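To start, the structure under review is shown below, and the notes come after it.
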Amino acid sequence: MLIDIAMPQAPRALPVAPEAARSGETRAAREPGRIAATAPSDLQYPFNPSRDQAAVTRLQLELAAEDRARDTSQAENGPAKPTDIAELSDEEQAVVDELSARDREVRNHEEAHARVGGPYAGAPSYTYQTGPDGKRYAIGGEVAIDVAPVADDPEATITKMEVVKAAALAPAEPSGQDRKVAAIADATRQQAIADLAELRRQTEPLSKPQMDRAA
(Lines give C-alpha, C1' and ligand atoms only; values in the text may rest on other atoms or scores of the structure.)
Protein backbone atom coordinates (compact mmCIF):
# COMPACT_ATOMS: atom_id res chain seq x y z
CA MET A 1 0.00 0.00 0.00
CA LEU A 2 1.33 3.41 -1.00
CA ILE A 3 0.55 6.64 0.85
CA ASP A 4 1.63 10.11 -0.19
CA ILE A 5 3.50 12.10 2.42
CA ALA A 6 2.83 15.56 1.09
CA MET A 7 3.74 19.13 1.87
CA PRO A 8 0.60 21.25 1.44
CA GLN A 9 0.64 24.14 -0.97
CA ALA A 10 1.17 27.67 0.26
CA PRO A 11 -1.72 28.67 2.56
CA ARG A 12 -2.61 31.75 0.52
CA ALA A 13 -2.76 32.30 -3.21
CA LEU A 14 0.08 34.33 -4.64
CA PRO A 15 -0.87 37.07 -7.12
CA VAL A 16 0.32 35.28 -10.23
CA ALA A 17 -1.39 32.84 -12.55
CA PRO A 18 -0.94 29.25 -11.26
CA GLU A 19 0.23 26.50 -13.56
CA ALA A 20 -0.87 23.06 -12.40
CA ALA A 21 2.10 21.07 -13.65
CA ARG A 22 3.58 17.91 -12.24
CA SER A 23 7.00 16.36 -12.59
CA GLY A 24 8.92 13.36 -11.31
CA GLU A 25 8.26 9.66 -11.46
CA THR A 26 4.83 8.14 -10.82
CA ARG A 27 4.40 5.86 -7.86
CA ALA A 28 4.13 2.84 -10.15
CA ALA A 29 7.39 3.74 -11.91
CA ARG A 30 9.60 4.11 -8.86
CA GLU A 31 13.25 3.15 -9.19
CA PRO A 32 14.34 1.87 -5.75
CA GLY A 33 17.99 1.60 -6.75
CA ARG A 34 18.15 5.18 -7.88
CA ILE A 35 16.26 6.41 -4.83
CA ALA A 36 18.37 4.46 -2.37
CA ALA A 37 21.51 5.96 -3.93
CA THR A 38 20.40 9.41 -2.72
CA ALA A 39 20.41 8.34 0.93
CA PRO A 40 23.15 9.64 3.24
CA SER A 41 26.16 7.32 3.03
CA ASP A 42 26.06 6.62 6.76
CA LEU A 43 22.34 5.82 6.87
CA GLN A 44 22.09 2.06 6.83
CA TYR A 45 19.29 -0.38 6.10
CA PRO A 46 17.73 -1.95 8.06
CA PHE A 47 17.17 1.28 9.97
CA ASN A 48 18.30 1.29 13.59
CA PRO A 49 16.90 4.32 15.49
CA SER A 50 19.66 4.46 18.10
CA ARG A 51 22.37 4.12 15.44
CA ASP A 52 20.97 6.07 12.49
CA GLN A 53 19.08 8.98 14.07
CA ALA A 54 22.31 10.98 13.92
CA ALA A 55 22.36 10.49 10.14
CA VAL A 56 18.80 11.79 9.86
CA THR A 57 19.70 14.83 11.95
CA ARG A 58 22.80 15.40 9.83
CA LEU A 59 20.66 15.29 6.68
CA GLN A 60 18.42 18.01 8.09
CA LEU A 61 21.47 20.15 8.90
CA GLU A 62 22.90 19.61 5.41
CA LEU A 63 19.66 20.70 3.75
CA ALA A 64 19.57 23.79 5.97
CA ALA A 65 23.20 24.57 5.06
CA GLU A 66 22.41 24.28 1.34
CA ASP A 67 19.49 26.65 1.83
CA ARG A 68 21.71 29.21 3.59
CA ALA A 69 24.34 28.91 0.84
CA ARG A 70 21.74 29.70 -1.84
CA ASP A 71 20.52 32.69 0.17
CA THR A 72 24.11 33.97 0.52
CA SER A 73 24.72 33.58 -3.22
CA GLN A 74 21.57 35.52 -4.05
CA ALA A 75 22.45 38.24 -1.55
CA GLU A 76 25.91 38.68 -3.12
CA ASN A 77 25.01 38.34 -6.79
CA GLY A 78 21.36 39.34 -6.84
CA PRO A 79 18.47 37.17 -8.05
CA ALA A 80 18.99 35.62 -11.46
CA LYS A 81 16.61 36.89 -14.12
CA PRO A 82 16.08 35.75 -17.70
CA THR A 83 17.56 38.28 -20.10
CA ASP A 84 14.41 38.30 -22.23
CA ILE A 85 12.16 39.44 -19.39
CA ALA A 86 11.64 43.12 -18.66
CA GLU A 87 12.76 44.60 -15.36
CA LEU A 88 10.40 43.55 -12.58
CA SER A 89 8.52 46.04 -10.47
CA ASP A 90 9.08 46.08 -6.71
CA GLU A 91 5.79 44.25 -6.21
CA GLU A 92 6.67 41.59 -8.78
CA GLN A 93 10.12 41.13 -7.28
CA ALA A 94 8.52 40.61 -3.87
CA VAL A 95 6.35 37.87 -5.38
CA VAL A 96 9.41 36.23 -6.96
CA ASP A 97 11.27 36.34 -3.64
CA GLU A 98 8.33 34.71 -1.87
CA LEU A 99 7.97 32.04 -4.54
CA SER A 100 11.71 31.34 -4.45
CA ALA A 101 11.65 30.87 -0.67
CA ARG A 102 8.64 28.58 -0.95
CA ASP A 103 10.37 26.55 -3.66
CA ARG A 104 13.41 25.94 -1.44
CA GLU A 105 11.22 24.99 1.51
CA VAL A 106 9.16 22.51 -0.53
CA ARG A 107 12.17 20.85 -2.16
CA ASN A 108 14.09 20.48 1.10
CA HIS A 109 11.00 18.95 2.73
CA GLU A 110 10.35 16.37 0.00
CA GLU A 111 14.03 15.51 -0.50
CA ALA A 112 14.29 14.67 3.22
CA HIS A 113 11.40 12.19 2.86
CA ALA A 114 12.91 10.55 -0.21
CA ARG A 115 16.46 10.27 1.10
CA VAL A 116 15.56 8.71 4.43
CA GLY A 117 12.79 6.52 2.96
CA GLY A 118 15.31 4.76 0.75
CA PRO A 119 13.78 1.77 -1.07
CA TYR A 120 10.31 2.41 0.37
CA ALA A 121 9.97 5.99 -0.93
CA GLY A 122 9.29 7.28 -4.41
CA ALA A 123 10.84 10.27 -6.12
CA PRO A 124 9.44 13.67 -5.14
CA SER A 125 6.79 15.20 -7.41
CA TYR A 126 5.85 18.85 -7.34
CA THR A 127 3.04 21.27 -8.11
CA TYR A 128 4.34 24.43 -9.79
CA GLN A 129 3.35 28.05 -10.10
CA THR A 130 4.80 30.47 -12.66
CA GLY A 131 6.19 33.71 -11.29
CA PRO A 132 6.30 37.18 -12.86
CA ASP A 133 9.82 36.37 -14.06
CA GLY A 134 8.54 33.48 -16.18
CA LYS A 135 10.14 30.80 -14.02
CA ARG A 136 8.28 27.89 -12.45
CA TYR A 137 8.44 27.50 -8.68
CA ALA A 138 7.43 24.49 -6.59
CA ILE A 139 4.63 25.47 -4.22
CA GLY A 140 3.62 21.97 -3.09
CA GLY A 141 4.99 18.45 -3.29
CA GLU A 142 4.62 14.85 -2.27
CA VAL A 143 6.54 11.61 -1.96
CA ALA A 144 4.81 8.22 -2.16
CA ILE A 145 5.88 5.82 0.60
CA ASP A 146 5.13 2.11 0.93
CA VAL A 147 3.46 1.43 4.30
CA ALA A 148 2.35 -2.15 3.61
CA PRO A 149 3.57 -4.83 6.04
CA VAL A 150 5.93 -7.47 4.68
CA ALA A 151 3.83 -10.56 3.98
CA ASP A 152 4.33 -13.38 6.50
CA ASP A 153 7.42 -11.73 7.98
CA PRO A 154 6.72 -9.69 11.13
CA GLU A 155 10.42 -9.19 11.83
CA ALA A 156 10.98 -7.60 8.41
CA THR A 157 7.81 -5.55 8.93
CA ILE A 158 9.19 -4.12 12.17
CA THR A 159 12.40 -3.06 10.41
CA LYS A 160 10.50 -1.58 7.46
CA MET A 161 8.14 0.44 9.66
CA GLU A 162 11.10 1.96 11.50
CA VAL A 163 12.38 3.28 8.17
CA VAL A 164 8.91 4.49 7.14
CA LYS A 165 8.44 6.40 10.40
CA ALA A 166 11.91 7.96 10.14
CA ALA A 167 11.16 9.04 6.55
CA ALA A 168 7.81 10.56 7.50
CA LEU A 169 9.40 12.63 10.27
CA ALA A 170 12.66 13.44 8.43
CA PRO A 171 11.80 17.07 7.46
CA ALA A 172 12.62 19.75 9.99
CA GLU A 173 8.91 20.60 10.22
CA PRO A 174 6.77 17.51 9.48
CA SER A 175 3.27 18.24 8.15
CA GLY A 176 0.04 16.84 9.56
CA GLN A 177 0.03 14.18 6.83
CA ASP A 178 3.62 13.27 7.68
CA ARG A 179 2.63 12.67 11.31
CA LYS A 180 -0.34 10.54 10.22
CA VAL A 181 1.98 8.31 8.18
CA ALA A 182 4.33 8.04 11.17
CA ALA A 183 1.36 6.98 13.33
CA ILE A 184 0.37 4.32 10.77
CA ALA A 185 3.93 3.00 10.79
CA ASP A 186 3.89 2.89 14.59
CA ALA A 187 0.61 0.95 14.68
CA THR A 188 1.80 -1.50 12.01
CA ARG A 189 5.06 -2.01 13.88
CA GLN A 190 3.26 -2.72 17.17
CA GLN A 191 1.06 -5.29 15.45
CA ALA A 192 4.13 -6.92 13.93
CA ILE A 193 5.78 -7.09 17.37
CA ALA A 194 2.72 -8.90 18.71
CA ASP A 195 2.66 -11.24 15.70
CA LEU A 196 6.35 -12.03 16.14
CA ALA A 197 5.89 -12.80 19.85
CA GLU A 198 3.00 -15.15 19.04
CA LEU A 199 5.00 -16.84 16.29
CA ARG A 200 7.92 -17.43 18.63
CA ARG A 201 5.60 -18.76 21.32
CA GLN A 202 4.14 -21.28 18.89
CA THR A 203 7.53 -22.45 17.63
CA GLU A 204 9.35 -22.69 20.98
CA PRO A 205 10.22 -26.29 21.95
CA LEU A 206 8.07 -27.68 24.76
CA SER A 207 9.65 -27.77 28.19
CA LYS A 208 9.65 -31.12 30.05
CA PRO A 209 6.60 -30.26 32.23
CA GLN A 210 4.73 -29.17 29.11
CA MET A 211 5.69 -32.43 27.37
CA ASP A 212 4.49 -34.44 30.36
CA ARG A 213 1.13 -32.64 30.29
CA ALA A 214 0.84 -33.14 26.54
CA ALA A 215 1.41 -36.87 27.01
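The values are calculated or read from the model by the stated rules, or taken from the named source; none is laboratory data. Since the model is a prediction, treat every value here as computed from it, not as a measurement. With ideal geometry, Cβ positions are generated from the backbone for all residues, glycine too; neighbour counts draw on all protein chains shown. The accessibility values were calculated without ligands, DNA or RNA, using every heavy atom of the protein model including side chains. Shrake-Rupley method; radii C 1.70, N 1.55, O 1.52, S 1.80 Å.
Suppose we keep only residues that are open to solvent by less than 30 Å² (accessible area, probe 1.4 Å) and closer than 12 Å to SER100 by Cα within region 123-153. Which one would you say is farthest from the chain's Cα centre (by Cα)? Once the filter is applied, the top-ranked residue is ASP133.
Let's see how each residue does on (1) in contact with a Lys or Arg (Cβ under 8 Å, 6 or more places away or on another chain); (2) assigned to a helix (DSSP H, G or I); (3) of a type in the set (Ser, Thr, Tyr):
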| residue | (1), (2), (3) |
| --- | --- |
| GLU98 | no, yes, no |
| ALA101 | no, yes, no |
| VAL116 | no, yes, no |
| VAL143 | no, no, no |
| LYS165 | yes, yes, no |
| GLU173 | no, no, no |
| ARG179 | no, yes, no |
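Of the listed requirements (1) farther than 27 Å from LEU63 by Cα; (2) in a strand (DSSP E or B), ALA156 misses just one: (2). Between GLU198, GLU173, the distinction of being closer than 30 Å to ASP97 by Cβ and loosely packed, with under 14 Cβ neighbours inside 10 Å belongs to GLU173 only.
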